[in-house]
Amino acid sequence: MDTLFSIATVEAGIRLGLPVALAALGAIINERSGVLNLGLEGMMLSGALGGYIVNDATGSPWIGLLAGLLVGASTGGVFAGLVVTFRTSQVVTGIAFTIVAIAATTYLFQLRWDIGELPPRVERLGMWPLVALTLVCVAAVWFLFRRTTLGLTISAVGESPESADALGYNVVLIRWMATIAGGALAGLGGAVLVNGPLGLFIEEVTAGRGWVALALVVFAGWRPVPAVAGAFLFGLCDAAQLRLQGTATEVPYEVFLALPYVVTLIALVVRARRSHTPAALGDPYVRGAA
Amino acid sequence: MRSVSRRFGETVALDGVDFEARPGEIHALLGANGAGKTTLMRILAGLDRPDAGTVEVFGRRIESFEPGPIRALGVALVQQHFTLVPTLTASENLVLARPEGALLPPGRTAGVRVQKLVEKFGLEVRDGVPASQLSVGERQRLEILRALDADAKILLLDEPTAVLTDVEAERLLGVARALADQGRALVVITHRLAEVEACDRVTVLREGIEAISDGSVDGYTRADLASAMIGTDTSGTITARTTRRTQAAPVCLRVRDVSLGRVSSLTLDVGEGEIVGIAGVDGNGQSELEAALSGRSAAESGEVSISGEPIAPGDPRSRRGQGLAYIPSDRYSWGLIGPMDLADNLELGRVLPIRPNRPARHKAARPSLDHWDVRTAGPHARTSSLSGGNAQKLVLARELDEHPSAVLACYPTRGLDPEAADTVATRLVAAAEAGCAVLWIGAELDELLAVSDRIEVLYDGTLFGPYLPPFDRAAIGLAMAGDAADRARTATGGEADPP
Amino acid sequence: MTSSDTRQPASGTTPSPKSTWPPKLDGWLDAVSRRATAEGILSSILVPVVSALAALVVGGVLIAIDGVNPLSVYQAILQGVFTKSRGFSYTATVATPLVLIGVGYALAYRARVFTIGGEGQYLVGAVAGTAVVTAGGVGDLPRVVLIVMGLGAAMVAGALWGGLAGVLANRFGASIVISTLMLSFIGDSLLQWAVRDGIRDPESYNANSRPITAAALPSFFGQKTHLGFLFALVLVPIAWWLIRRHRWGFRIDALGHNPGTLDANEFSSARVTLSVLVVAGGLAGLAGMVETTGVNIRLGQEASVGYGWDAIIVALIGRLHPLGVLIAGLGMAGLTIGFESAQRQFELPSSLVSLITAFVIIFVVWGDAIAARWKEAR
Amino acid sequence: GDDSDDTAPATTAAPETTAAPETTAAPEPAEEAPKLAIIYSAEWNDGSWGEAAFDGGNKLLADGTISDVVMVENVPPGAEAERALRDFAEQGYNPIVAHSFNYGDNVKTVGAEFPDTIFAYAGGFGDVAGNVGDYDQPFYEASYLSGILGAGATDGGNVAGAGGFEIPVCVGMYHAYLAGARELRPETEGSFVAVGDWIDVQLAKEAALSQADAGATMFVGCGQGPTFGQIEAANDIGGVSTGYVGDMAALGESVLSSFVWRLDRVFEQMVADVAAGETEARYYSVPLADGGMDVLISPGGEARISQEALDLFDQRLAEIQDGSFAVPFVGEN
Ligand SMILES: Nc1ncnc2c1ncn2[C@@H]1O[C@H](COP(=O)(O)OP(=O)(O)OP(=O)(O)O)[C@@H](O)[C@H]1O
Ligand SMILES: Nc1ncnc2c1ncn2[C@@H]1O[C@H](COP(=O)(O)OP(=O)(O)OP(=O)(O)O)[C@@H](O)[C@H]1O
Ligand SMILES: [Mg+2]
Ligand SMILES: [Mg+2]
């Protein structure tokens, strides 16, 4: 038990929380603009592979992070093209997008490193620079929505696009920007995972963190600071779970595996009343639709 | 605008309409429901594009119908429906409409901006709460302020007074006049003939064609306008009832100490065959009263009962079974299902466990659609394709067709042209004379005066009255302005000290 | 995450977000649930087919890059479905859970109750059903009784798992998307515990339940196709009838279009939400047990193969219409079976195969969107 | 019961299955060498469990021991696996290997339909019935030796075992490693963690780090993700880790030793049986003694291991090979 409440546990929680936190920030920008991004997991994964390959090529984890950011942004662009411009179902597109990303990353990874070659280990960044990076991002997103006209516009577009349109704002353009920004942060999250704690890539390395991030966004009521806090809480749950297994072996470990989700569920129930879903979330915008 | 045309599927909304607005003038745009007024204005504001015809603003021909550039030319439209962002406060809505730089102004500065406008134009709005929590009147005023804030050269108001009380409406027209005098061009869509007299020029649309094109207002009598709108000659206002009931009738609708939100322990009886009018400025608890009486939300305390049996909140079918009909104030939130067809909407509240097939349902719907003169392509039409007024008629058809024993009518004539409004009033009166208890929550005092057996004034969640015929207009007006409340307060204060 | 997640008892003090005019349309729901006009049916069959072919062309390029002749691959796919002796029965077997879950989703989505919890409900259904039919003392009961007990228990468990999300949404306004997602993860943990410990077969070295052969569903055509497929076939007309002709179906559609109006005039939207979640959950739970007793010998760690996720896409591609779901389900199953045998024949990388299948999905959705815009343009 | 009767292809009317298993499923061993089929539930390219089978199959093909090999990845156990197995059996592949312990029921179901084809799956506990066999995964033997080496290269006395789930093979590896370490330092303690996932490397790494916080310096992983995570953790804290079913020395200085699973030797036995016309399967067990595994000390590893440990390692290895020493197996935690 003593190991449970150690600094090490907290650090583990932070490490586990970092990628989720960044992805959640991305999802917040997406969803505030009214675009539901179920492709988040896929965008993270793409960013992870991009970051890994570039890091491996350049030997610089920072350039790797940048690459993850750019790859994520471009996946965001593709997604925006489909759901914003072509107004495809955001739900199906999102889920299919994740399937594509899992398949595509695996395919490319295996093209690059054929069977028999172990994936090379790449330069890694320590925890604190990444924590700093994440804090910068959360501050930026907070500032965006609290202090800038652009942020106000994004929320307006997600809240009542017809009003924003009537005021002369380009709903489609704003949703494009928001989706690209969201993808970029998700990709960065994935890149942080491989260029930070891990230093290597394997198939589906993100292992469902994108879905967790989506949960957090709701749990946080679409607000950046609680979302990041939630990510670290979630990480802490995982860390604690792993530590408790060693000691409390009479409790089935599946309980601990489910713990983070149960916690999110409970938090969801407690928070939900106060959380405010963007009214236009998931609805493509068509002027004067009737 | 030159020979502008627009069609939606079968419906021809506009058919070669010419229209002009000149600086310094208020141009009244009249028309029965579905005449095409809104469509015309939406085109002028760039929210819709004409199938044919040209639009020029200050001599510049509009090529691309996009709201942005047209706003930049100084055209501002206050739409028939609200276009505020419900989660944003008044000042945030203003900033959104006209940002000053990339950063948001700190809260105070924004507040000051609102205050300046409020003082400048005398349109009162609360700042600091989300627009969704403002009363309809407040939201309407905010919409107008927002348009004025953009310093529009051409200001288009689509039925701006529809949701306002007479006093507010008068004030608004005063503001309009002042704006015109500053050299702006104004267009005001309205169904109230009285308001036309406050304008300079008038255009009347009938089924997408001008019946009167850009005439000078003093050239026409009310009768002329009314007949131009609807072909037949009527006075254009609701016909007052000749007889009013005097002796008390057995109570049908009973409200006991109901409290909800702004409404505090409100008690009220409506007798069989009685029409009770609830007058008052919007936002004094009308929406809470509506929610509680209709059973849409449970009252915090107190009870609503109809001929003895209490109304169970959240159980509309039994409410209907108990004979309480409900005409909601916002038909699009609580009355109609846009994407479903008219027949389905007529069935709401009495859908059979096993439904007849679609042709049968459509056949069954026809009579009451015809009876209520809902202008549409037929029972199969999507309800969302109805114009404002026709949509309202559909609600009335559903609620009044099954001979309720009591009716909760909230702004039943909102957005209706005079003829339709008169029909509605007549039907409600007829219902009352057939022994039905009618509670009529209204904004237009004339209307209430014309139909009510008794008027109560709702001010700040409390009822003042009763006022009985012959009605003292002035007294009721004062009560609506809170005067009665003040006197009540001083009176209780007075009792304290001995004579 | 649609308005269904924030839907709260309509309150008089705050106007519902739908109070604008024209009322805001729920984009994808409206797009997929357009009336079945002749044109509608045409486009709802033609468009997906054309799009799928386009996706296969793109996939063909990838296959060629991989050094295999795409045409022979696609030939193998067709053979896999149509000429291989078991192609049809395999397809039917795979389609069964997709259709059972998909119809439930379709009903829920018509109501804009956006559950994605099918996978979890499928798993808890399988666990509960297996627990019942492998419980001590039921061994000597007749097979029919065991089957009924198992399927019943599975439906109840799935319904509870789905209903839980409904209760959380109605009482606390919890987002249904997220709560069902969470419940899916929790359901998987439950399965892991059950097969490792809870209903573990003490004789078995692996983590799995006792054999459930005593409750195995009869299969027919001397093939792998089992009774469950009949369930799916029967479910389709029932659901269709409910939508068209039953009050519940009407309320579902009404809830999807305007909860405020439903609440004020017809029925409590909260209760419709709950009912549709319960039904969808029950169907998913049924699918879980049908799959366990129809194709497997026992319940194991790997029971989660993702039918609950694929069915979301089946429901939406199926236009939220039971018939559409059946067609989409069979189509997706056929694609799966065909690609499987092609993959075996040419030893294609599995990632390439799933890439192409996912392309098909995206292209179909994309094609729909293009068709919709094209229709608007006219 | 009647289920399997129904599904016997003999009863299907379709023309191409009139070529019933009896004729197709058993190729004449005489003139043509057997054709091997392998299915696996994840990707071959995992540097571990999958790759071992992939290499094994290709090696036999290269040796000419078999005339053809077909290998399909990402076949989830259950219906899809049965479809694959049936398909290969119909095409005359024999023997057919299902390379995961979750394929048990599937090989039995399909095995019943093709009595003349030999099937085997990675059960690892002698689960043999008729033509359906099982093959051994005696990793605990190698793990025991790694334990000796680990104890000889660290001064901490704490072993961290990890697996995706708490399955006998994984738990057995942990206990064997612990036992091996205790030979050198009887006071050695340890803990086993089920990460709950075979692929989540970060979670596995954090699990390993949490064990490190509790004092662990020796890591033995079971499964690719858990092992990768452990190796990363050991690299960070300067502990020693163990490569799992494949040479993982490349993954970092912490990898003291790895063991390579020589599945070609296992497959050889099946192929030999088939070639001999055998239709009864066996428990194909190729223990360390028979070269079923190679324990590789990573380059530069010797330098870090105490001579005492190296000697004990050689001694035990020899004893295991001549059968005078049997590594104890403890499959329950
Ligand atoms: N989006 C639409 N889709 C289909 N028909 C429409 C649409 N908008 C308007 N119409 C039709 O065009 C005609 C004019 O509509 P409009 O809303 O301008 O009427 P209006 O003059 O505002 O009447 P009211 O006073 O009742 O609001 C009506 O017949 C209406 O049915
Ligand atoms: N073949 C189809 N494919 C996809 N969607 C369909 C199909 N047929 C109908 N739908 C959709 O299902 C919904 C139901 O339509 P349907 O024709 O079944 O009757 P309805 O319009 O729902 O209602 P009712 O018949 O009860 O008035 C419609 O919204 C339609 O868009
Ligand atoms: Mg209008
Ligand atoms: Mg109108």
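Points worth noting:
- Only Lys, Arg, Asp and Glu carry charge here, each on its Cβ (+1 for the first two, -1 for the last two); on that basis region B:2-230 has a dipole of about 580 debye about its Cα centre.
- Within region A:1-100, all pairs of alpha-carbon atoms sorted by distance into 10 Å bins from zero give the percentages 15, 38, 27, 16, 4, 0.
- Cα convex hull volume per residue for region D:192-243 (Å³): 59 Å³
- Listed residue (D:G150, D:N235, D:P186) projecting farthest to the positive dipole end of region D:147-259, Cβ model: D:P186
- Computed across region B:2-230, the Kirkwood hydrodynamic radius from all distinct Cα-Cα pairs reaches 18.1 Å.
- Residues with amide H under 5 Å from that of A:L125, placed H, sequence gap 5 or more: A:G196
- When D:E32, B:E444 are arranged by Cβ crowding within 10 Å, least crowded first, meaning fewest neighbours, the order is D:E32, B:E444.
- Seen from a random direction on average, the alpha-carbon convex hull of region B:298-408 projects onto 7.5 square nanometres.
- Three-way shape call for region B:247-365 based on the alpha-carbon gyration tensor, with the a/c threshold at 1.5: prolate
- Selected from B:A152, B:S333, B:A432, residue furthest toward positive end of dipole (chain B; charges at beta carbon): B:S333
- FRET efficiency estimate (nearest 0.05) - Cβ-Cβ, B:T243 to C:A54, R0 56 angstrom: 0.15
- Overall shape of chain B was characterised from the C-alpha gyration tensor. The equivalent ellipsoid obtained from it has semi-axes of 37, 30, 22 Å, in decreasing order.
- Charge dipole of region C:99-324 (Cα centre as origin; +1 on each Lys and Arg Cβ, -1 on each Asp and Glu Cβ, all else neutral): 560 debye, rounded to the nearest 20.
- Qualifying GluC sites (Glu not before Pro) for region D:167-206 [loop in DSSP, other Cβ within 10 Å: at most 16]: D:E187
- At q = 0.12, 0.16, 0.18, 0.21 Å⁻¹, base-10 log of I(q)/I(0) for region B:180-296 (Debye sum, equal scatterers on each alpha carbon): -0.74, -0.88, -0.93, -1.09
- Between B:H403 and C:V138, the simple spin-label model (points 7 angstrom out along Cα→Cβ) gives 5.7 nm.
- Pairs of Cα atoms nearer than 8 Å and 6+ residues apart set the relative contact order; for chain A it is 39 percent.
- Computed log₁₀ I(q)/I(0) - Debye formula, equal Cα scatterers, no solvent, region C:39-179, q 0.09, 0.10, 0.17 Å⁻¹: -0.51, -0.62, -1.05
- Percent of alpha-carbon pairs separated by more than 25 Å within region C:99-324: 39 percent
- Amide proton proximity set for B:A28, modelled H, under 5 Å, gap of 5+: B:V188, B:D200, B:R201, B:V202, B:T203
- D (Stokes-Einstein, µm²/s), Kirkwood Cα radius, region B:251-492, 0.692 mPa s at 37 °C: 178 µm²/s
- Over all pairs of different C-alpha atoms, the protein assembly as shown has a mean inverse distance whose reciprocal, the Kirkwood radius, equals 35.4 Å.
- The mean of 1/r over all pairs of different alpha-carbon atoms in region B:166-233, once inverted, gives a Kirkwood hydrodynamic radius of 12.7 Å.
- Each of D:Y40, C:Y205 was scored by other Cβ atoms within 10 Å of its Cβ. Arranged with the fewest first, they read C:Y205, D:Y40.
- Local charge for B:K393 was computed over the other residues whose Cβ lies under 13 Å away, with Lys and Arg +1 and Asp and Glu -1, and equals -2.
- GluC sites (Glu not before Pro) lying in DSSP loop within region A:99-171, provided at most 14 other Cβ fall within 10 Å: A:E117
- Top positive-direction residue, dipole computed over the protein assembly as shown with Cβ charges, set A:F219, B:A194, B:L77: B:A194
- Coordinate range of the alpha-carbon atoms in region B:326-470 per principal axis, descending: 51, 28, 27 Å.
- For region A:72-192, the percent of C-alpha pairs falling in each 5 Å distance bin, counted from 0 to the bin holding the largest distance, reads 2, 9, 13, 18, 16, 15, 11, 7, 4, 2, 1, 0.
- Built amide H within the under 5 Å cut-off of B:A211, gap 5+: B:V204, B:L205, B:R206
- Across chain C, the mean sequence separation of Cα contacts (distance under 8 Å, 6 or more residues apart), normalised by length, yields a relative contact order of 33 percent.
- If R0 is taken as 30 Å, the Cβ-Cβ distance between B:R473 and B:R126 corresponds to a FRET efficiency of 0.55.
- Using the Cβ-Cβ distance between A:V225 and B:R60 with R0 set to 45 Å, the FRET efficiency works out to roughly 0.40.
- Scaled against 2.2 N^0.38 Å for its residue count N, the alpha carbon radius of gyration of region B:122-217 is 1.14.
- Sorted by Cβ density within 10 Å, fewest first, the residues D:V70, C:V234, A:V122, A:V194: C:V234, D:V70, A:V122, A:V194
- Amide N of region C:314-350 lying under 15 Å from the label point, which is placed 7 angstrom from the Cα of C:N69 along Cα→Cβ: C:346
- What you get for chain A, charging only the Cβ of Lys and Arg (+1) and of Asp and Glu (-1), is a dipole of about 800 debye around the Cα centre.
- Mean separation of Cα contacts under 8 Å (6+ apart) over length of region B:354-454, as relative contact order %: 23 percent
- Bins of 20 Å, starting at 0 and running to the largest distance - Cα pair percent for chain D: 33, 51, 16, 1
- Percent of Cα-Cα distances greater than 34 Å, calculated over chain C: 31 percent
Throughout, read-outs are computed from the coordinates displayed, never taken from laboratory work. The structure presented is a predicted model; accordingly, all values stated were derived computationally and were not measured. Don't worry about glycine lacking a Cβ; one is built from the backbone with ideal geometry, like all the others, and counts go over all protein chains shown.
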